[in-house]
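The values are calculated or read from the model by the stated rules, or taken from the named source; none is laboratory data. Note that this is a predicted model, so its numbers are computed, not measured. Quick reminder, even Gly has a Cβ in these numbers, built from the backbone with ideal geometry, and neighbours come from all protein chains shown.
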Amino acid sequence: MKTVLVIGGGVTGLKAASELAGMGYNVSLVEKEDYLGGQVAKHKYYKLAPDLRLAGDVLDPVIKAVESNPNIKVQKHSQIIAVSGGAPEFKAKIKNSKGESEETFGAIVVATGFGHFDPTVKQEYGYGRFKDVVTNAEVEEMLNPNGPTKGELKRPSDGNIPKKIAIFQCVGSRDRQVGNPYCCRVGCVVSTKQAIEIKEKYPDSEVYVYYMDMRMFGRGWEELYGKAMEDYEVIFTRGRGAEVTLKNQQLSLRAEETIMDRPIQHSVDMIILAAGMSAGEGTIDAAKVLGIKQNDYGFLSPKDDFLSPNESSKPGIFIAGADKGPMDIENCIVEGAAVAAKVAGSLKN
Amino acid sequence: MAENTDKMVIDGVELTGIWKEFLPSRILYEDVTTEFLDEVKKLPGGSTIVRCYQCGTCSGGCTLPDFVDKFNPRRFIDLVRRGHYDILVNENKDLVWKCVSCQRCTHRCPRGVNTQEVVRAIAKFLEDRKVFGKLTNDEAFDEIFMEEVIEDGRIDEVKIVKDFYSKTGRLKEMMSADQLSLGFKMLTSGRIKLFGGKIKDWKKVSQRLKEELQ
């Protein structure tokens, strides 16, 4: 029986591994961090849109399915440093704290995922200059009861709970300036979800969302948007945040209310940047080591976007999840299962 | 040089630079307030205002713009929601009343906003804030009409005409020969009666109505 190498222990990799193991294949899961769960675990995602169910409800069963399966060998703190050979026999060098080892695999699944866009590049938003300008991932950590603030949304500068909160959409997405002209696909719904969570926790607070378009295409997302407007009175302003300054020791944002053709200056206590997705470090490394094709933005290119979405440019190497482009957790799990089926099919031949 | 109030000093370093001194920013307003939204929401018919996502279906299909330039329900809603009270009063206080209640907007709204009622609620909101100054004839008549309905449960023609003229300060006009002869003709032909009939037990209904409208 051939062994399948799965690179990446995020939701996609976990799902792919457990599906393949379920079909009787031996799987070796390689994760560079010392925990499983990828970005979801790293940034302690608290609740998931649109149902506001706990991220743990989704992630824990997926992790458990992998850890409890004897056919899966999980190698944490490990990285693939070189791969030679080709389908159906790859030789991969795996490096970890104990040293290097070489193993043979029948197929490789790349599920290296995405990275959060670093908004320091967008200097006008003052991330890194102003303590109270934070990213959506940091808010996720704050809202999680197991996070650094024990579930309280606190201003990093003074530890107070902010009263007026602004959320900037499309930070590092749909932006040629930073080389990311694509849509991050999840920012809208994550911001809406966070706005609802904040309003639920602090009903006195005011949450303002500055957006270009609300792209609520997923299951239940548009309804969530309606809920945010109707039940939680989140104020949505069409107009991209332009800049953040300090005015009388308070954060002051500037934007245009494009519907009314009116530039606006607005003083708030905290600004959340809905930073988009970019190709993760792991994805860029994997592309280099495996020699598979990337698109203009660093994500991995499928052999054919329509007809073989899970095959890389090289036979025997399969790709799935957010390393192909921005993707939500729901679809990552679908991708994980889809790639498992594809791998199983190819190993049979 | 004008004093720069927007200086941004971080760790002793001024970051904004001098350019702000000679490049005035085009800020038309500061801050957003939901004060007015909260008020309109509580008025009868105003609750669905929060659903609006500013698509413009209402204004796009509105009957009025052909006749009343600048009549724009979407804009009224946005002005209230974002607290642009000054614009609402200065530019739109005479417009919001022009709605003819054809209900096209209400039936078409993809978000289920009861647009006609919301526009009505905005008009009521402005009325409550007494932004209209002197009453126009229409408004005075509306007011007397409603008062009379609530008070007596029916309209007494003689009384309403008398009240209308006195409210608009034109009692003299009512006593003109024209008006008097018209009134006499109507009286003799049975079109109007000097004393309208009473509705039995209306007092209770009236009381209840007044409570409700409080």
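Give the residue, chosen from B:96, B:100, that is surrounded by fewer than 15 Cβ atoms within 10 Å (Cβ to Cβ) and outside the structural domain of residue B:202 (by TED's automatic domain parsing). So the residue among B:96, B:100 that is surrounded by fewer than 15 Cβ atoms within 10 Å (Cβ to Cβ) and outside the structural domain of residue B:202 (by TED's automatic domain parsing) is B:100. Against the test of being within 14 Å of another protein chain (Cβ to nearest Cβ), surrounded by fewer than 19 Cβ atoms within 10 Å (Cβ to Cβ) and in contact with a helix residue (DSSP H, G or I) (Cβ under 9 Å, 6 or more places away or on another chain), the options A:257, A:233 yield a single qualifying residue, A:233. When A:191, A:173 are checked against the criterion of being assigned to a helix (DSSP H, G or I) and either in contact with a Phe, Trp or Tyr (Cβ under 9 Å, 6 or more places away or on another chain) or within 13 Å of chain B (Cβ to nearest Cβ) (or both), a single residue qualifies: A:191. Scanning for something farther than 25 Å from residue A:204 by Cβ and out of contact with any Asp or Glu (no Cβ under 9 Å at 6 or more places or on another chain), does the stretch A:224-244 turn up at least one residue? Among the residues of the stretch A:224-244, not one is farther than 25 Å from residue A:204 by Cβ and out of contact with any Asp or Glu (no Cβ under 9 Å at 6 or more places or on another chain), which makes the answer no.
Flag: residue A:269 matches the condition of being more than 9 Å from every other protein chain (Cβ to nearest Cβ) and among the charged types (D, E, K, R). Only one entry of A:285, A:296, A:328 meets the criterion of being over 17 Å from residue A:187 (Cβ atoms) and either in contact (Cβ under 8 Å) with a residue 60 or more places away in the chain or within 14 Å of chain B (Cβ to nearest Cβ) (or both), and that entry is A:285.
So that you can scan it fast, the table gives a plain yes or no per residue for (1) in contact with a strand residue (DSSP E or B) (Cβ under 7 Å, 6 or more places away or on another chain); (2) over 22 Å from residue A:312 (Cα atoms); (3) surrounded by fewer than 16 Cβ atoms within 10 Å (Cβ to Cβ):
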| residue | (1), (2), (3) |
| --- | --- |
| A:60 | no, yes, yes |
| A:68 | no, yes, yes |
| A:72 | yes, yes, no |
| A:80 | yes, no, no |
| A:83 | yes, no, no |
| A:98 | no, yes, yes |
| A:101 | yes, yes, yes |
| A:104 | yes, no, yes |
| A:110 | yes, no, no |
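The set of residues in the stretch A:197-230 that are in a loop (DSSP other than H, G, I, E, B), within 13 Å of chain B (Cβ to nearest Cβ) and among the aromatic types (Phe, Trp, Tyr) is empty.
Of the residues screened, residue A:126 is not one that is among the small types (Gly, Ala, Ser), crowded, with 19+ Cβ neighbours inside 10 Å and more than 27 Å from residue A:153 (Cα to Cα).
Just one of (1) in the same structural domain as residue A:169 (by TED's automatic domain parsing); (2) without any contact (Cβ under 8 Å) to a residue 24 or more places away in the chain fails for residue A:102. It is (1). Just one residue in the set A:40, A:27 is outside the structural domain of residue A:186 (by TED's automatic domain parsing) and more than 21 Å from residue A:94 (Cα to Cα); that residue is A:40.
Against the test of being more than 24 Å from the chain's Cα centre (by Cα) and within 30 Å of residue B:11 (Cβ to Cβ), the options A:118, A:132, A:158 yield a single qualifying residue, A:158. Residue A:78 fulfils the conditions (1) over 22 Å from the mean Cα position of the chain (by Cα); (2) assigned by TED's automatic domain parsing to the domain that holds residue A:290; (3) of a type in the set (S, T, N, Q) except for a single criterion, (1). Just a yes or no: is a residue in the stretch B:27-48 modelled with pLDDT under 95, in contact with a His (Cβ under 8 Å, 6 or more places away or on another chain) and of a type in the set (A, V, I, L, M)? Yes, that holds for at least one residue.
Please give the number of the condition residue B:156 fails out of (1) more than 14 Å from chain A (Cβ to nearest Cβ); (2) surrounded by 17 or more Cβ atoms within 10 Å (Cβ to Cβ); (3) within 20 Å of the chain's Cα centre (by Cα); (4) of a type in the set (Asp, Glu). Status for residue B:156: all satisfied but (3). One residue stands out in the stretch B:40-75 among those that are farther than 25 Å from residue A:239 by Cβ and either touching a Ser or Thr at 6+ places or on another chain (Cβ under 6 Å) or among the charged types (D, E, K, R) (or both): the one that is farthest from the other protein chains (Cβ to nearest Cβ), namely B:66. Checked across the stretch B:100-122, the condition of being away from chain A (no Cβ under 14 Å), in contact (Cβ under 8 Å) with a residue 24 or more places away in the chain and either in a loop (DSSP other than H, G, I, E, B) or more than 24 Å from residue A:229 (Cβ to Cβ) (or both) holds for at least one residue.
Within the stretch B:172-214, which residues are aliphatic (A, V, I, L, M), part of a helix (DSSP H, G or I) and over 22 Å from residue B:151 (Cα atoms)? Residues satisfying the conditions are B:174, B:177, B:180, B:182, B:186, B:187. Of everything in the stretch A:237-254 that is at the interface with chain B (Cβ under 9 Å from one of its Cβ atoms) and closer than 24 Å to residue B:78 by Cβ, the residue that is surrounded by the most Cβ atoms within 10 Å (Cβ to Cβ) is A:237. Cβ separations smaller than 7 Å between residues 6+ apart or across chains give the following pairs from the stretch B:70-88 residues that are closer than 14 Å to residue B:117 by Cα to residues that are modelled with pLDDT of 90 or more and not in a helix (DSSP H, G or I): B:73/B:62; B:74/B:54; B:74/B:56; B:77/B:52.
Check whether at least one residue in the stretch A:140-157 is more than 30 Å from residue A:231 (Cα to Cα) and either in contact with a Ser or Thr (Cβ under 9 Å, 6 or more places away or on another chain) or assigned by TED's automatic domain parsing to the domain that holds residue A:337 (or both), and report yes or no. No; the residues of the stretch A:140-157 include none that is more than 30 Å from residue A:231 (Cα to Cα) and either in contact with a Ser or Thr (Cβ under 9 Å, 6 or more places away or on another chain) or assigned by TED's automatic domain parsing to the domain that holds residue A:337 (or both). Among the residues of this structure, residue A:320 counts as one that is under 30 Å from residue A:91 (Cβ atoms) and surrounded by 20 or more Cβ atoms within 10 Å (Cβ to Cβ).
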